[in-house]
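Enquirer: Take a look at this one; I'll ask things after.
The values are calculated or read from the model by the stated rules, or taken from the named source; none is laboratory data. The structure displayed is predicted, hence computed values, not measured ones. Here the Cβ positions follow ideal geometry from the backbone for every residue, glycine too, while neighbour counts run over all protein chains shown.
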Amino acid sequence: MTPKGIKDYIRTIADFPHEGILFRDVTTLFADARGFRMAVDQLLHPWAGMDIDKVVGLEARGFILGGAVAHQLSTGFVPVRKKGKLPGTVISEAYQLEYAEAVMEVHDDALRPGERVLIVDDLLATGGTAEAGIRLCRRLGAEVIGAGFVIDLPDLGGRTRLEAQGVPVQVLCEFEGV
């Protein structure tokens, strides 16, 4: 019997949230202790031994993964949230969705100039959310040393978009199509 890979733990749900969409559900990965551990280990592996000050998790599943990766790397964790979800003083960054605009925020004191950060999320599609996260980190003076994702949807071009920003990207599995 072939051992399970990351992709084997991810459930696909047809027509969610809209007809014609194949939703890649990572909650089944998170619910399985072996699968979750494998994902966290694989996400941190390329960065192990590097000087990383903080892991930045993108809302919302990036909080689950990013917190676990930060723990394993013995670093701090910084959440990047949707507009209006963080108390205190924040900086904001708008980005384009397919038919609208969204805004991500981070506390204005979450990162210090020169800190080296790793961005983590579950899914890389068009790259808009991750790119907003990169811009927020850079506005605070941090150096984004890389970004890690469980899933890449390569047809949507997010990886190319982030690499064009000078950010190395690591993905654990890919799903073709949308």
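Enquirer: State which residue is nearest to T126 (Cα to Cα) when the search covers only the stretch 87-102 and only residues that are surrounded by 14 or more Cβ atoms within 10 Å (Cβ to Cβ) and not hydroxyl-bearing (S, T, Y).
Expert: Looking at residues that are surrounded by 14 or more Cβ atoms within 10 Å (Cβ to Cβ) and not hydroxyl-bearing (S, T, Y), I get A102.
Enquirer: For G148, which of the numbered conditions (1) of a type in the set (G, A, S); (2) modelled with pLDDT of 95 or more; (3) over 14 Å from the mean Cα position of the chain (by Cα); (4) closer than 21 Å to D25 by Cβ fails to hold?
Expert: (3)
Enquirer: Tally up the residues in the stretch 1-34 that are in contact with a helix residue (DSSP H, G or I) (Cβ under 6 Å, 6 or more places away or on another chain) and among the basic types (K, R), please.
Expert: 1
Enquirer: Next question, about the same structure. Being β-branched (V, I, T) and in contact with a Gly (Cβ under 8 Å, 6 or more places away or on another chain) narrows it down to one of V150, V120, V103, V90, so name that one.
Expert: Exactly one of V150, V120, V103, V90 is β-branched (V, I, T) and in contact with a Gly (Cβ under 8 Å, 6 or more places away or on another chain), namely V120.
Enquirer: Can you work out which of the residues in the stretch 66-96 that are assigned to a strand (DSSP E or B), free of Cβ contacts under 8 Å to residues at least 40 places away in the same chain and among the β-branched types (V, I, T) is farthest from G146 (Cα to Cα)?
Expert: Per the criteria, the residue is V90.
Enquirer: Among G177, G166, G141, G157, which is within 22 Å of L22 (Cα to Cα), free of Cβ contacts under 8 Å to residues at least 40 places away in the same chain and surrounded by fewer than 22 Cβ atoms within 10 Å (Cβ to Cβ)?
Expert: Unique residue meeting the criteria: G157.
Enquirer: Now for a separate question. Out of the residues in the stretch 17-33 meeting the condition of being touching an Asp or Glu at 6+ places or on another chain (Cβ under 9 Å), in contact (Cβ under 8 Å) with a residue 12 or more places away in the chain and closer than 16 Å to D152 by Cβ, tell me which one is surrounded by the most Cβ atoms within 10 Å (Cβ to Cβ).
Expert: Ranking the candidates gives L29 first.
Enquirer: Go through I134, I52 for me and flag whichever is part of a helix (DSSP H, G or I) and either in contact with a Cys (Cβ under 6 Å, 6 or more places away or on another chain) or not aromatic (F, W, Y) (or both).
Expert: Step by step, each of I134, I52 is checked, and only I134 is part of a helix (DSSP H, G or I) and either in contact with a Cys (Cβ under 6 Å, 6 or more places away or on another chain) or not aromatic (F, W, Y) (or both).
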